[in-house]
1. Applying the selection to the range 87-103, what residues are in contact with a helix residue (DSSP H, G or I) (Cβ under 9 Å, 6 or more places away or on another chain) and either crowded, with 20+ Cβ neighbours inside 10 Å or farther than 21 Å from residue 35 by Cα (or both)?
2. Can you confirm whether the range 14-22 contains a residue that is away from the ligand (no atom under 15 Å from the Cβ), surrounded by 16 or more Cβ atoms within 10 Å (Cβ to Cβ), assigned to a helix (DSSP H, G or I) and not hydroxyl-bearing (Ser, Thr, Tyr)?
3. Looking at 40, 27, 35, 84, which one is away from the ligand (no atom under 14 Å from the Cβ), surrounded by 14 or more Cβ atoms within 10 Å (Cβ to Cβ) and touching a residue at least 12 places away in the same chain (Cβ under 8 Å)?
4. Considering 202, 263, which residue is within 20 Å of residue 57 (Cβ to Cβ) and surrounded by fewer than 14 Cβ atoms within 10 Å (Cβ to Cβ)?
5. Quick check: is even one residue across the range 36-45 at pLDDT 95 or above and either among the hydroxyl-bearing types (Ser, Thr, Tyr) or farther than 26 Å from residue 103 by Cα (or both)?
6. Taking only the range 397-409 into account, find how many residues are in contact with a helix residue (DSSP H, G or I) (Cβ under 7 Å, 6 or more places away or on another chain) and assigned to a strand (DSSP E or B).
7. If residue 258 satisfies every condition in (1) more than 16 Å from the ligand (Cβ to nearest atom); (2) touching a strand residue (DSSP E or B) at 6+ places or on another chain (Cβ under 6 Å) but one, which is the exception?
Amino acid sequence: MTPPKLQAPRGTYDVLPEQAPARLGLESVARRVLEGAGYERIETPAFEATELFSRGVGASTDIVQKEMYTFTDAGNRSLTLRPEGTAPICRAYVEHGLHTRPQPVKLWYLGSFFRYERAQAGRFRQFWQVGAETIGADDPAVDAESIALLWTVLTELGVGGIELRLGSLGTPATRADYRGRLAAYLRAHSEQLSPEVVARIDSNPLRAFDADDPGTQEVMAGAPLLMDALAAEDAEHFAEVRARLDVAGIAYRLDPTLVRGLDYYARTVFEFTSGELGAQSAVGGGGRYDGLVEQLGGPPTPACGWAAGVERILLSADHRPLPREVCDLYVAGVGVHAFALAAEARRAGLNVQLELAGRSRKGQRKQAERLGAVHVALVEPDGALVLVDSQSGEHVSVAGPTAAVAQILKGRHL
Ligand code: HAM
């Protein structure tokens, strides 16, 4: 009996070779834009101590309460597959003393993240994010530049119908005060709210702005707004961020109810949505998280950043995959002489593909076409070597691998 076939776990997917060029194109645009602006690549582990996320992302968030892949390892440590990248990067910033480097430290990343969410179009349990974090500066230019860089990445990748929503959450003190007022307002209207919202009045009243049910939405239409309650300093900071977006020609919609699903934000928050996406329309988001580094044991450090979903970018972009690598030489024929030629040609920097399936002469001709090979080397078992120029069809006998490589390089430099 043949054993049953296995499938990739729900909410995950394979990247097949035909999808790889689009992803590579995305990475190369992100790298050019971000490294061009002075960001350096950082990579952190795929799993971390669970406490990093419960402390960093916030114990009452959906991510920490419902969505983490947490397990105990053989050494009895509680570990969690990273659901996001900001807390790990701040952990690394503290652990490696990056605050002693010239500030701000500007970092970017591309990697996979894990959340146990209901899988649907644009929502996965293992997904990829590209992100950028600027740690160690509170200048409003940091916020505006972060937003502008994400806008550039999305625009250059051809993400359609993007809209930027922008808000400010103020400082934790303003927020605490406001939360008290909002909670009182919610309690006064509790009979119209969904049970889920009522259950969270004390732990996370802000999430009520996110609720889908009509009763809650009606109540929220009249709720007090945080943006109207900002302290003078925070209102000034926010006005400075907006002035910079205005001069950069980046359009945004002020959204006083913008709630992000992570607790570490202070002051600026933002989210880009794409009209090309369905229900999961957030293509990228972020904001300022001035308290996070300190919360993780570092010095008081202002910071700001964002992350964007790779799958959602690819779903909403018009695809401009990178052109595939040119095949300079296809070595038809098998045996040690063929192998020696491939090895020498690769040492010379040529892109070489070997015949690996023992094709007939006719099959080799087809294969050369499929590969778009610029040259084909016909190698006999005794080492006799004929080089074919695919374009002209010209056949030339050459003395050996060195002569063949020289001939190809000559043609390349013409
Ligand atoms: P986030 O809003 O949770 O923020 O995620 C950022 C983006 O990742 C989302 O806009 C979405 O495109 C994508 N994303 C999130 N969850 C999924 C999923 N289950 N499937 C597919 N895509 C998903 C953060 O993660 C923050 N760390 C961003 C940040 C960086 N804030 C400051 N610095």
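The values are calculated or read from the model by the stated rules, or taken from the named source; none is laboratory data. Since the structure is predicted, the reported quantities are computational estimates derived from the model, not experimental observations. Backbone-built Cβ (ideal geometry, glycine too); neighbour counts: all protein chains shown.
1. Matches in the range 87-103: 87, 88, 90, 91, 93, 94, 98.
2. Checking the range 14-22: at least one residue is away from the ligand (no atom under 15 Å from the Cβ), surrounded by 16 or more Cβ atoms within 10 Å (Cβ to Cβ), assigned to a helix (DSSP H, G or I) and not hydroxyl-bearing (Ser, Thr, Tyr).
3. None of the other options fit; the residue is 27.
4. After applying the criteria, what remains is 202.
5. Within the range 36-45, one or more residues are at pLDDT 95 or above and either among the hydroxyl-bearing types (Ser, Thr, Tyr) or farther than 26 Å from residue 103 by Cα (or both).
6. Final tally of qualifying residues: 1.
7. Every listed condition holds for residue 258 apart from (1).
Every residue, every condition in (1) without any contact (Cβ under 8 Å) to a residue 60 or more places away in the chain; (2) within 11 Å of the ligand (Cβ to nearest atom); (3) closer than 24 Å to residue 34 by Cα; (4) in a strand (DSSP E or B), yes or no:
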site	(1), (2), (3), (4)
286	no, yes, yes, yes
300	yes, no, no, no
306	no, yes, yes, yes
338	yes, no, no, no
342	yes, no, no, no
353	yes, no, no, yes
